[in-house]
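Visitor: Once you've had a glance at the structure underneath, I'll fire off some questions.
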Amino acid sequence: MRHAIHLIALFLITFSTLSAKTVTADDCQPWVACQQFSYVALPEDGCTTILQASSLADAGSACGIVPIMEVLNPGPYTIGTYFFTVRASIGNQSADCSGQVIVQDKTAPEPNCINQTLFTLDPQTAFNEAILAAPVDNCDANPTAFAFIFEAVDYGTFDHDWSIVDESENYSYCTSRTTIRPIEEPYCTPAANSSYEYINQVNIYGMDNSNIFNPSGDDNGYGYYVNEQARVSMGEHFGLFAAAGGVNTISLGWEVFIDFNNDGDFNDLNERVYHNLGSDPTLNIDIFVPFNLGYLGKRRMRVFLQYAGTDGPCQAGAYGYGEYEDYIIDIRFTTWNPWGSQPGTDQDIVDAEAQNINTQTDDTPLEIEVNSTSPLDAPTLLSNRTIYPNPARANTPVHLQLGDRHGISQLIITNTLGQEVIRVSVLENRAHIIDLPKDLPAGFYVVNGLDANQQSLWAEQLVLH
Ligand SMILES: [Ca+2]
Ligand SMILES: [Ca+2]
Ligand SMILES: [Ca+2]
Ligand SMILES: [Ca+2]
């Protein structure tokens with residue numbers, strides 16, 4: 001019995017030894033299968049790669065042991081197509097396979113757009129300088145950069161959208177903001193710190209859809225948007241909306257200035273058109289443009305958001321935090337019309353006729369009379385002048401009756417866009433007949449009397465239907 005136990009024990013030992021031998025690496029034949037074509041992307045920070053077997057082939061063995069895989073010709077490789085061989089090994093048993101690998105650059109360039117301010121007397125030159133972006137790519141030493149949206153070249157702040165592409169046609173995009181300012185700027189250059197609050201958006205609602213919608217974001221204290229222009233009407237209101245960005249909504253002051261008299265400052269009568277210190281992160285107001293012929297033309301407007309103050313157009317106050325933005329409003333003659341709708345459209349005429357307004361429809365020449373006994377100052381002339389008939393029919397001669405020139409040397413008629421449609425000289429104190437262009441569309445026009453220096457002495461609206 002004891003002997004039998006010894007035999008069993010010996011058998012078990014022998015069996016276990018034999019069993020261990022059947023699963024040694026040397027007895028387990030691996031297999032390996034290469035992918036016919038493989039794609040490998042270069043790293044983002046380099047232009048060469050070492051081929052990794054795990055991405056090129058699969059391998060295994062019948063006995064379950066995972067083979068060790070290696071690429072016999074691992075590189076380094078750059079962009080291109082290569083043959084490779086993968087070897088799978090278990091102990092001294094091995095198997096090989098081969099395939100093709102295509103190494104690709106899949107990394108787009110880093111755009112590296114530039115935000116800058118240039119001071120120059122030549123906006124065109126400044127623009128050419130401003131387009132310099134310095135993209136960096138993992139492979140392409142000189143990736144191609146081009147702006148695919150160009151804006152008008154002028155003084156102001158312009159965003160340029162850029163597309164940058166490397167040799168493998170990987171694209172990236174960015175926006176550079178360039179402010180081009182003249183060397184000699186007539187207005188004080190304000191200073192403010194936009195770290196905590198800034199003007200994030202300004203909308204100005206001009207006439208004839210000449211609106212400004214400017215999501216300016218953080219301009220580092222001063223946004224120079226004099227290239228953004230809206231036409232507004234003398235003697236009327238226009239809408240202004242602005243919104244703050246940043247973290248502070250505790251104490252916010254808003255101010256708006258317009259240099260109505262165009263003398264390079266915002267300090268004259270009525271030139272601070274709005275101010276309020278509160279906590280409202282938005283501004284939504286109507287601004288009145290006084291009826292003053294001296295205000296006609298393009299005028300600088302400055303919007304100012306300040307922390308805990310309303311300290312004027314040039315320098316943020318005690319705390320120095322906030323942002324300024326400058327715009328242009330182009331002040332035109334009033335577009336007031338008797339029907340209360342927006343001017344200048346055919347629909348206005350249709351509406352007027354639908355309301356059975358008593359408009360003259362015969363071909364009687366239009367007469368504009370200036371009272372020869374009135375003083376020469378413009379307001380009096382405006383109040384005494386009569387235009388008849390008005391509205392008048394288009395394609396009829398216009399008679400301008402001037403009993404006295406009152407210093408007027410030219411008459412011009414402009415459309416609501418301010419575009420001149422006709423100009424005549426006034427040389428004598430007699431009736432002047434103007435043949436309006438035959439194709440002059442129905443709508444609203446302004447008759448304007450100019451003196452020898454092209455200053456407006458009076459103006460009146462003319463309606464053609
Ligand atoms: Ca690349
Ligand atoms: Ca801004
Ligand atoms: Ca002024
Ligand atoms: Ca002044």
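Visitor: For region 158-194, which residues satisfy the criterion of being surrounded by 14 or more Cβ atoms within 10 Å (Cβ to Cβ) and in contact with a Gly (Cβ under 8 Å, 6 or more places away or on another chain)?
Guide: Once the filter is applied, which keeps residues that are surrounded by 14 or more Cβ atoms within 10 Å (Cβ to Cβ) and in contact with a Gly (Cβ under 8 Å, 6 or more places away or on another chain), region 158-194 yields THR179, ILE180, TYR187, PRO190, ALA192, ASN193, SER194.
Visitor: Further, regarding this structure: Take the residues in region 247-263 that are in contact (Cβ under 8 Å) with a residue 12 or more places away in the chain, part of a loop (DSSP other than H, G, I, E, B) and farther than 11 Å from MET301 by Cα, then tell me which one is nearest to ligand 1 (Cβ to nearest atom).
Guide: It comes out as VAL247.
Visitor: Which number in (1) modelled with pLDDT of 95 or more; (2) buried (at least 16 other Cβ atoms within 10 Å of the Cβ); (3) within 43 Å of the chain's Cα centre (by Cα) marks the one condition that GLY46 misses?
Guide: (2)
Visitor: Right, another one. Quick one: in region 273-295, which of the residues that are within 16 Å of ligand 4 (Cβ to nearest atom) and without any contact (Cβ under 8 Å) to a residue 40 or more places away in the chain is nearest to ALA242 (Cα to Cα)?
Guide: By that ranking, first place goes to VAL273.
Visitor: Just checking, does region 274-285 include any residue being within 16 Å of ligand 2 (Cβ to nearest atom) and in contact with a Gly (Cβ under 8 Å, 6 or more places away or on another chain)?
Guide: no
Visitor: GLU169: away from ligand 4 (no atom under 16 Å from the Cβ), at pLDDT below 90, in a loop (DSSP other than H, G, I, E, B) and of a type outside the set (Lys, Arg), yes or no?
Guide: no
Visitor: Within region 305-346, can you find the residues that are at pLDDT below 85 and not aromatic (Phe, Trp, Tyr)?
Guide: Scanning region 305-346 gives THR334, THR335, ASN337, PRO338, GLY340, SER341, GLN342, PRO343, GLY344, THR345, ASP346.
Visitor: Which of the residues belonging to region 263-282 are at pLDDT 95 or above and surrounded by 17 or more Cβ atoms within 10 Å (Cβ to Cβ)?
Guide: Passing the criteria: PHE266, GLU271, ARG272, VAL273, TYR274.
Visitor: Let me ask something additional. I'd like to check something: does region 288-304 contain any residue that is closer than 22 Å to GLY221 by Cβ, touching a Leu at 6+ places or on another chain (Cβ under 7 Å) and either at pLDDT 95 or above or surrounded by 20 or more Cβ atoms within 10 Å (Cβ to Cβ) (or both)?
Guide: no
The values are calculated or read from the model by the stated rules, or taken from the named source; none is laboratory data. In this text, all values refer to a predicted model and were calculated from it rather than measured experimentally. Please note: Cβ atoms are built from the backbone with ideal geometry, for glycine as well, and neighbour counts cover all protein chains shown.
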